[in-house]
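The values are calculated or read from the model by the stated rules, or taken from the named source; none is laboratory data. Given the structure is predicted, the values throughout are model-derived calculations rather than measurements. Methodologically, a virtual Cβ is constructed for each residue, glycine included, from the backbone with ideal geometry; neighbour enumeration extends over all protein chains shown. Please note that ligands, DNA and RNA were not included when accessible areas were found on the heavy atoms of the full protein model with its side chains. Shrake-Rupley method; radii C 1.70, N 1.55, O 1.52, S 1.80 Å.
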Amino acid sequence: MKKLRYQVVGVMSGTSLDGIDLACIQFVDFKGVWEFKITAAETHAYPEVWKRKLENASLLSIPEITNLDETYTIYLAEVIQQFLKEHQLTEDTLDAVCAHGHTVLHQPENGITIQIGNNSALAKKIGLKTVCDFRVQDVKLGGQGAPLVPIGDRLLFAEYTYCLNLGGFANVSLEKDEKRIAYDIGAVNTVLNFLAEQMGYGFDEDGKIAALGEVDAELLAQLNALSFYQQQAPKSLGIEWVKAKVFPLIKAAPISIKDKIATYTYHAAQQIAHELKGNATQQVLITGGGAFNSTLIKHIKSLCSLQLVIPEKELVEYKEALVFGLLGVLKLTGKVNVLKSVTGASKDHSSGKIFLP
């Protein structure tokens, strides 16, 4: 039986604005059973100027977003080229670069999702076949355009009852009635990082600030009452929701920043634990930056019965880049990479665009 092998670079930039994740991955498709190996990975932290530009991108007009797209594509190409050079990756050794780009506007209810750094110019600048623009087609088919990682959960991590990602937003993926379903639970690092920055830190390292603060009952109740939590899946979130619904409540609370971090951390844990139904024989794979927040993990563990599994650091940090690499391989081979049961689209489909240099 023939094994099919691929080597790609997966590139991901998330809403937490930690930076650009890049991972070189080798995939093997053995009659639909997938294996992978991450051979190189790193995060290119955003300089302050880019962090601020991306943070405020949802406020821009469409022409302004177009201009931002052009400059971001140049910047992204330089970051990718540097990674390729460092690890001696060339068109002779790579099948493609598979890039998510960066989401600046996500309003699927209005038929809109915009990612920058997602066009033919990227392929031309890096000089390699590029697969990108994974979300737009799904929205055109009536889907949420998110989350896209669950196809990777099904193909690569089927032994887990839940796959939980704790990034800018928390999202979860699981099998239900022989279908893969997934949805966003709520904001995590988009809020916690915002608050930590007000104390002079980039993020709440290891959840130390949250551990020292007090949970405020009034703010906690207001956060838990947000209507998104009562909506049925499929559902997804963008930074616009955080700015419109979460930040006003947090800013209005007459408590210290430390207590706001403690309260929001516990709130996030409550909403996450509410979705993790099961028993101690079942496992939850936890990845994303929030997996390193000991206070958040401790709260989740105290509020649910399942086994929480935090894998090796490389997988925690680069699972999304890994899966976007897989999405690109699936697109290159004409296989389904977006599931209608996850996004609510009218059909399963092979999403993304393939650009040649």
Residue-normalised 222 nm signal for the chain, counting each DSSP H run of n ≥ 4 as -39,500 (n - 2.57), nearest 500 deg cm²/dmol, is -11000 deg cm²/dmol
Under the rule rounded for a/c under 1.5, else prolate if a/b exceeds b/c, else oblate, using alpha carbon gyration tensor axes a ≥ b ≥ c, segment 216-278 is classed as oblate
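Would you mind checking LYS208/LYS313; LYS243/LYS335; LYS124/LYS235; LYS140/LYS179; LYS129/LYS335; LYS85/LYS124 for any pair whose Cα atoms are more than 26 angstrom apart? Working shown, then result.
Values: LYS208/LYS313 19 Å; LYS243/LYS335 37 Å; LYS124/LYS235 35 Å; LYS140/LYS179 22 Å; LYS129/LYS335 18 Å; LYS85/LYS124 16 Å.
Correct reply: LYS243/LYS335; LYS124/LYS235.
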Long-range amide H partners of LEU105, meaning residues 5 or more apart or on another chain whose placed amide H is closer than 5 Å, are ILE114
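For segment 32-167, report the accessible area per residue in Å² (1.4 Å probe, heavy atoms, rounded to an integer).
Details: 5940 Å² over 136 residues.
Result: 44 Å² of accessible area for each residue.
Which of the peptides 8-16, 81-89 is most tightly packed, and how do the rest follow, going by the mean number of other Cβ atoms within 10 Å of each residue? Intermediate values should be presented prior to the final figure.
On the way: 8-16: 26.0, 81-89: 15.1.
Sorting 8-16, 81-89 by mean packing, highest first, produces 8-16, 81-89.
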Toy charge model, Lys and Arg Cβ at +1, Asp and Glu Cβ at -1: segment 26-110 dipole around Cα centroid in debye, rounded to 20, equals 200 debye
Whole-Å distance linking the alpha carbon centroid of segment 269-306 with that of segment 140-172 is 16 Å
Rounded to whole angstroms and listed largest first, the alpha-carbon spread of segment 99-225 along its three principal axes comes to 50, 42, 32
Expressed in angstrom and rounded, the centroid-to-centroid distance over alpha carbons for segment 32-108 and segment 200-225 is 30 Å
Ordering 199-206, 281-288, 318-325, 31-38 by per-residue average of other C-beta atoms within 10 angstrom, highest first, gives 318-325, 281-288, 199-206, 31-38
Among GLY207, ALA45, PHE27, the residue whose Cα sits farthest towards the positive end of the charge dipole of the chain, when +1 is placed on the Cβ of each Lys and Arg and -1 on the Cβ of each Asp and Glu, is PHE27
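If a/c stays under 1.5 just call it rounded; otherwise compare a/b with b/c (prolate if a/b is bigger, oblate if not). Do that for segment 306-357, with a ≥ b ≥ c from the square roots of the Cα gyration tensor eigenvalues. Kindly include the intermediate steps, with their values, before the conclusion.
Values: a/c = 3.47, a/b = 1.43, b/c = 2.42.
In terms of gyration-tensor shape, oblate.
With +1 on each Lys and Arg Cβ and -1 on each Asp and Glu Cβ, how big is the dipole of segment 195-352 about its Cα centre, in debye rounded to the nearest 20? All intermediate terms of the calculation are to be shown ahead of the outcome.
Working: 16 positive and 15 negative charges, 118 e Å.
I would put it at about 560 debye.
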Taking 65-77, 224-236 and ranking on average Cβ neighbours within 10 Å, highest first, one gets 65-77, 224-236
Carbon and sulfur atoms account, in whole percent of the 1.4 Å probe accessible area of segment 95-139, for 45 percent
Sorting TYR160, ALA77, LEU285 by the position of each Cα along the dipole of the chain (Lys, Arg +1; Asp, Glu -1; all at Cβ), the one nearest the positive end of that ordering is TYR160
When the charge dipole of the chain is computed with +1 on Lys and Arg Cβ and -1 on Asp and Glu Cβ about the Cα centre, the Cα farthest towards its positive end, among LEU17, SER173, GLN307, belongs to SER173
The size of the Cβ-based charge dipole (Lys, Arg +1; Asp, Glu -1) of the chain about the Cα centre, to the nearest 20 debye, is 840 debye
